[in-house]
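See below for the structure under consideration.
The values are calculated or read from the model by the stated rules, or taken from the named source; none is laboratory data. Everything numeric here is computed off the predicted structure, so don't read it as measured data. Glycine gets a Cβ as well: all are built from the backbone with ideal geometry, and neighbour counts include every protein chain shown.
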Amino acid sequence: MSSITILRLSHRAGRDPRMSTHLGLTARVYGASAFLLCGDNDQAILDSLNDVKERFGGEMEVRHESSPLGFLRNFIAEGGIAVHLTMYGLSYQEVIPELASDKPIVIVVGGAKVGREYFEMCQYNVAVGNQPHSEVAALAAFLERLNDGVSPPEDFTSGKFTIHPSERGKDLREDA
């Protein structure tokens with residue numbers, strides 16, 4: 001699997017903290033190597049995602065990106081593949097097999113209205129469904145199909161806690 005970066009556009013600190021946090025958590029469990037928050041520099045979101053990483057493991061980089069278009073230009077110039085998740089795009093089931101597995105991928109996830117330049121710059125504009133839907137659902141569906149499921153438990157061994165699957169109740173163990 002190639003490295004995957006999530007570029008979360010247009011985060012608004014007073015309005016989007018729950019959505020952006022859930023995008024970061026989804027990115028983490030599906031194996032993204034980086035989550036870049038664009039828009040307002042909301043340290044509380046970054047701290048929350050880093051806290052989850054510290055408690056439950058994983059290596060995902062989390063940071064604010066002040067120039068998303070500049071980042072995207074450089075990413076593409078260095079040979080990366082840019083995928084924009086939008087309800088106006090082509091079917092993700094058709095696009096995913098076309099993606100090179102040996103190149104890094106950035107997945108652009110919008111917030112408030114996404115500018116035309118993102119549609120033009122990204123090599124792929126991809127839809128999970130051509131109807132209004134949640135950015136979190138779109139990211140989860142896309143990453144699940146791209147990666148054949150969530151990241152394996154061994155990707156999260158660096159944390160303080162381990163969740164052990166249980167049919168009933170919670171089984172959370174502190175690692176020694």
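Is at least one residue of the stretch 47-67 aliphatic (A, V, I, L, M) and surrounded by fewer than 18 Cβ atoms within 10 Å (Cβ to Cβ)?
no
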Which residue pairs have Cβ atoms under 9 Å apart, sit 6 or more places apart or on different chains, and have a first residue in the stretch 34-60 that is touching a residue at least 24 places away in the same chain (Cβ under 8 Å) and of a type in the set (Val, Ile, Thr) and a second that is surrounded by fewer than 18 Cβ atoms within 10 Å (Cβ to Cβ) and in a loop (DSSP other than H, G, I, E, B)? ILE45/ALA13; VAL52/GLY159
Does the stretch 14-28 contain at least one residue that is out of contact with any Leu (no Cβ under 6 Å at 6 or more places or on another chain), closer than 28 Å to ALA100 by Cα, not in a helix (DSSP H, G or I) and not basic (Lys, Arg)? no
Pairs please, first residue from the stretch 126-139 and more than 18 Å from ILE105 (Cα to Cα), second anywhere and of a type in the set (D, E, K, R) and surrounded by 19 or more Cβ atoms within 10 Å (Cβ to Cβ), Cβ atoms under 7 Å, 6+ apart in sequence or on different chains. none
Considering every residue within the stretch 74-97, establish whether at least one is assigned to a strand (DSSP E or B), at pLDDT 95 or above, surrounded by fewer than 18 Cβ atoms within 10 Å (Cβ to Cβ) and not acidic (Asp, Glu). yes
